[in-house]
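Everything below concerns the one structure shown next.
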Amino acid sequence: MSWRATFTPPPAELVRLLGRLDAIDGWQGVGIRSLGHWASIYLGIDLRTASLQAKVGRQLDELPAIAAAVAAGELGWSKLRLVAQVAEPTSQTKWLDLAREMSVGQLARVVGVYRRAAETDDADRHDNHRERRGI
């Protein structure tokens, strides 16, 4: 058995559908606590991953270039997850170009540096940092 047989990244449509399902609260039912809980029961996806996929799925409506690249199979889940953290409608093509050219590890480093730099530029950085830490 090859590693490809056991590793199957979520297709773009699944990410998009989870986003839509969460937006309309279509996962709710007796005993179901969250979208992640629903996905773990019915799709075999862990809670955290399902919640993250739904969040990214909702973002794809605002990022049509990235959505098209994912639908065409140009980006897998790992790169999509990273790009979704930083891409905006005005910057999506730049992030898409970077994602196409870089490995997942390289892209993760660039996204991390970008996010830290963006936090440094934030006037409310110290307050935001304290809130995240619960202080």
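Out of Asp97, Asp46, which single residue is modelled with pLDDT under 90 and out of contact with any strand residue (DSSP E or B) (no Cβ under 6 Å at 6 or more places or on another chain)?
Step by step, each of Asp97, Asp46 is checked, and only Asp46 is modelled with pLDDT under 90 and out of contact with any strand residue (DSSP E or B) (no Cβ under 6 Å at 6 or more places or on another chain).
Scan the stretch 111-125 residue by residue and report those that are more than 26 Å from Leu18 (Cβ to Cβ), among the aliphatic types (A, V, I, L, M) and surrounded by 11 or more Cβ atoms within 10 Å (Cβ to Cβ).
Answer for the stretch 111-125, where residues must be more than 26 Å from Leu18 (Cβ to Cβ), among the aliphatic types (A, V, I, L, M) and surrounded by 11 or more Cβ atoms within 10 Å (Cβ to Cβ): just Ala118.
When the residues of the stretch 10-42 are filtered to those that are surrounded by fewer than 18 Cβ atoms within 10 Å (Cβ to Cβ) and of a type in the set (Val, Ile, Thr), which remaining residue is nearest to Trp77 (Cα to Cα)?
This residue is Ile41.
Take Leu17 and tell me if it is part of a helix (DSSP H, G or I), aliphatic (A, V, I, L, M) and at pLDDT below 90.
Working: part of a helix (DSSP H, G or I): yes; aliphatic (A, V, I, L, M): yes; at pLDDT below 90: yes.
When the stated conditions are applied, Leu17 passes them.
Taking Thr90 and the conditions (1) under 19 Å from Ala12 (Cβ atoms); (2) at pLDDT 90 or above, which numbered condition does it fall short on, given that it satisfies the others?
That leaves (1) as the condition not met.
Just the residues that are buried (at least 22 other Cβ atoms within 10 Å of the Cβ) and either closer than 16 Å to Arg20 by Cα or free of Cβ contacts under 8 Å to residues at least 12 places away in the same chain (or both), please, taken from the stretch 43-96.
Residues satisfying the conditions are Ala50, Gln53, Ala54, Val56, Gly57, Leu63.
The values are calculated or read from the model by the stated rules, or taken from the named source; none is laboratory data. Remember, it's a predicted structure, so these values are computed and weren't measured experimentally. FYI the Cβ positions are ideal-geometry reconstructions off the backbone, even for glycines, and counts take in every protein chain you see.
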